[in-house]
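The values are calculated or read from the model by the stated rules, or taken from the named source; none is laboratory data. This structure is a prediction, so every number in the text was calculated from the model and none was measured. No Cβ is skipped: glycine too gets one built from the backbone with ideal geometry, and neighbour counts run over all protein chains shown.
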Amino acid sequence: MGSADILARFVRPALVAATLAATGALLTGCGDHSGSSRALRPISSETIALFQNKGVDAKSPVLLRAFKKEAELEVWKMKADGKYVHVKTYPMCRWSGQLGPKRREGDRQVPEGFYAITPGAMNPNSNYYLSFNIGYPNAYDRAHGRTGGLIMVHGACSSAGCFSMTDEQIAEIYAIAREAFNGGQREIQMQSMPFRMNAENLAKFRFDPHMPFWRELKKGVDAFEVTKSEPQVAFCGRRYVFNATSAGGRLDANAACPPLQQDETIATAVAAKERQDEQQVAELVAKGVKPVRMVYADGGQHPDFKHIDMVSRPDALAQGPTEIELDHKGKPAPKPALVQVAAAKADAAAPAVAATPAAAPRGPAATLAKAEARDGATTIARAPATTGSVPAAPPAQPVAPAQSEAFYKKWLSFGFGSSNAKPAAEAVEPAPAPAVAPPRRASAPSKPQASAPKAEAPKPQASLGAPSPAAMTGLRAAARERLPAAILAGAAEPLPDGVRAYAPR
């Protein structure tokens with residue numbers, strides 16, 4: 001990178017600092033304008049020592065990379081020769097949605113693509129401790145009609161479409177970005193990916209309908225990884241172009257691409273890496289790596305945080321992602337014969353079970369059922385009170401094969417992706433989870449506070465049966481209503497040192 005290029009990308013530190021002070025408080029996405037000195041917190045001495053060990057300093061330019069499936073956020077810093085070096089990885093406390101790009105307001109999707117964080121995007125007054133806007137939607141998103149905005153990296157471990165960290169983590173990440181802007185960086189590139197673009201993931205997700213889009217993003221990732229220089233991002237023909245300039249006419253995301261000029265050295269290195277990765281994918285497929293489709297209840301988190309329950313939608317995290325194995329054509333793999341026979345027997349028995357009238361509850365059980373129906377509560381299926389030495393059996397839950405079939409049709413709309421496929425076709429998105437906004441906090445306590453006691457679910461009587469699936473749904477909904485108070489009390493607690501961040505091996 002020449003000196004002219006470096007000067008073109010950066011402005012004077014004093015001007016950037018003034019911009020931060022003047023515009024940071026105007027941002028409203030995660031903020032309440034309460035004011036906070038936490039935005040001025042210095043970078044830890046441990047991280048400063050790590051910078052020095054890597055040959056960078058606090059004010060050198062920074063680049064961020066996020067990976068949804070692995071739930072990690074990387075910090076890279078620029079050395080004196082213009083090359084970036086990986087200095088730290090932060091495990092992500094919470095992200096929401098599915099693998100795949102964000103398409104519309106309220107879909108809880110974390111975006112995927114290349115974005116630019118500016119000084120004006122820094123929000124020191126966030127209700128989520130601290131935050132900064134990643135710059136979604138970019139020109140590519142707008143060209144594809146994608147809506148929504150105010151996508152942040154913030155604290156509080158609560159996500160409805162954002163990259164959520166712990167308060168301790170975001171305090172340091174915010175400070176790293178702030179010092180880079182004070183050092184003269186004009187904008188920070190953030191690369192948001194569905195997963196690490198390695199051969200193993202490409203082999204596993206080779207039939208995912210988003211694969212053409214992901215292969216397009218991979219060209220930018222490859223350019224960064226082979227050069228360790230920030231890829232120059234532009235848009236034309238409703239697609240990304242990297243490290244390219246127009247040979248005639250301007251680049252417009254909504255217009256056809258004009259003739260492009262590229263650095264042949266970079267283009268050759270990227271093409272070589274692409275061929276190497278494709279060869280590795282072919283070898284993995286030949287060894288029997290199965291294609292899969294991964295389905296989340298609503299996003300995920302890094303395994304380091306499994307012991308933390310002060311998060312948004314803990315019920316969704318408790319279910320964990322489901323890998324649905326596919327066949328060689330990208331369709332759901334057939335079930336084993338024994339499983340098919342068992343399912344057929346269950347389907348045949350379902351009408352008989354449903355037709356068997358359940359004994360009407362009497363005594364206390366009948367009174368409880370009437371009270372629940374009157375109050376509008378979710379009725380819990382319980383066994384009727386015993387009238388002798390033999391207790392009455394709880395009513396069986398009929399099997400609904402039609403609903404199961406509808407579930408698989410809903411989630412498994414597969415397409416075929418290849419490096420030559422055109423990304424114009426839009427993939428079918430799963431129905432978004434209920435758009436429940438993350439809990440907000442008017443301010444964060446200066447010292448860790450003890451978590452508020454959790455309200456316990458009513459304990460069933462000894463003679464009562466187990467709750468039905470419908471009742472469990474009601475109990476989870478009640479737990480979600482209590483969640484904001486839990487996050488308010490617990491999110492500011494510093495986590496053990498081992499889960500704040502870790503340096504690259």
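Within segment 135-152, being more than 25 Å from Met78 (Cα to Cα) and not in a loop (DSSP other than H, G, I, E, B) holds for Ala139, Tyr140, Asp141, Arg142, Ala143. Within segment 153-203, being among the aromatic types (Phe, Trp, Tyr) and in a helix (DSSP H, G or I) holds for Tyr174, Phe181. Within the span defined as segment 302-313, one or more residues are of a type in the set (A, V, I, L, M) and either modelled with pLDDT of 95 or more or surrounded by 21 or more Cβ atoms within 10 Å (Cβ to Cβ) (or both).
Which members of segment 292-335 meet the condition of being over 17 Å from Gln98 (Cα atoms), of a type in the set (A, V, I, L, M, F, W, C) and not in a strand (DSSP E or B)? If the condition is that a residue be over 17 Å from Gln98 (Cα atoms), of a type in the set (A, V, I, L, M, F, W, C) and not in a strand (DSSP E or B), then Phe305, Ile308, Met310, Val311, Ala333 are the ones that fit. Looking only at segment 92-134, count how many residues are over 28 Å from Gly184 (Cα atoms) and in a strand (DSSP E or B). Final tally of qualifying residues: 2. Please determine, by comparing only the residues of segment 280-291 that are in contact with a Lys or Arg (Cβ under 8 Å, 6 or more places away or on another chain) and not in a helix (DSSP H, G or I), which one is surrounded by the fewest Cβ atoms within 10 Å (Cβ to Cβ). If we take residues in segment 280-291 being in contact with a Lys or Arg (Cβ under 8 Å, 6 or more places away or on another chain) and not in a helix (DSSP H, G or I), then Lys290 is surrounded by the fewest Cβ atoms within 10 Å (Cβ to Cβ).
Being out of contact with any strand residue (DSSP E or B) (no Cβ under 7 Å at 6 or more places or on another chain), closer than 20 Å to Gln232 by Cα and buried (at least 21 other Cβ atoms within 10 Å of the Cβ), is that true of even one residue in segment 166-173? No: zero hits. Considering segment 103-156 alone, what residues qualify as being touching a helix residue (DSSP H, G or I) at 6+ places or on another chain (Cβ under 8 Å) and small (Gly, Ala, Ser)? Correct list: Gly113, Gly120, Ser131, Gly135, Gly155, Ala156.
For every residue, the table says whether it meets (1) in contact (Cβ under 8 Å) with a residue 12 or more places away in the chain; (2) crowded, with 20+ Cβ neighbours inside 10 Å; (3) not β-branched (Val, Ile, Thr).
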position: Leu217; (1), (2), (3): yes, yes, yes
position: Val221; (1), (2), (3): yes, yes, no
position: Lys228; (1), (2), (3): yes, no, yes
position: Arg239; (1), (2), (3): yes, no, yes
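Elements of the type strands (runs of 3 or more DSSP E) sitting completely within segment 204-279 and holding at least 2 residues that are under 23 Å from the mean Cα position of the chain (by Cα): these cover 239-242.
As a summary of the residue check, Ala247 satisfies the conditions (1) of a type in the set (A, V, I, L, M); (2) in contact with a Phe, Trp or Tyr (Cβ under 6 Å, 6 or more places away or on another chain); (3) modelled with pLDDT under 95 except for the one numbered (2).
Ala244 versus (1) touching a Ser or Thr at 6+ places or on another chain (Cβ under 7 Å); (2) free of Cβ contacts under 8 Å to residues at least 24 places away in the same chain: which is the lone unmet condition? For Ala244, the exception is condition (1).
Answer yes or no as to whether Glu274 is within 30 Å of His328 (Cβ to Cβ), in contact (Cβ under 8 Å) with a residue 40 or more places away in the chain and in contact with a helix residue (DSSP H, G or I) (Cβ under 7 Å, 6 or more places away or on another chain). Criteria met by Glu274. Can you tell me which residue is surrounded by the fewest Cβ atoms within 10 Å (Cβ to Cβ) among those in segment 73-107 that are closer than 26 Å to Thr147 by Cα and among the basic types (Lys, Arg)? Looking at residues that are closer than 26 Å to Thr147 by Cα and among the basic types (Lys, Arg), I get Arg104. With respect to the stated conditions, Phe181 is crowded, with 23+ Cβ neighbours inside 10 Å, over 22 Å from Ala156 (Cα atoms) and modelled with pLDDT of 95 or more. Exactly one residue out of Thr118, Thr147 is within 22 Å of Ala58 (Cα to Cα), at pLDDT 95 or above, out of contact with any strand residue (DSSP E or B) (no Cβ under 6 Å at 6 or more places or on another chain) and surrounded by fewer than 23 Cβ atoms within 10 Å (Cβ to Cβ), and it is Thr118. The C-beta contact set for segment 316-339 (first residue farther than 9 Å from Val292 by Cα and at pLDDT below 85, second residue surrounded by 10 or more Cβ atoms within 10 Å (Cβ to Cβ) and charged (D, E, K, R), distance under 8 angstrom, 6+ apart or interchain) comprises Ala333/Lys290; Ala333/Glu325; Ala333/Asp327; Pro334/Asp327. Tell me, please, whether a residue that is part of a helix (DSSP H, G or I), buried (at least 21 other Cβ atoms within 10 Å of the Cβ) and modelled with pLDDT under 95 can be found in segment 26-37. Within segment 26-37, none of the residues are part of a helix (DSSP H, G or I), buried (at least 21 other Cβ atoms within 10 Å of the Cβ) and modelled with pLDDT under 95.
Here Glu70 does not fit the description of being surrounded by fewer than 23 Cβ atoms within 10 Å (Cβ to Cβ) and more than 14 Å from the chain's Cα centre (by Cα).
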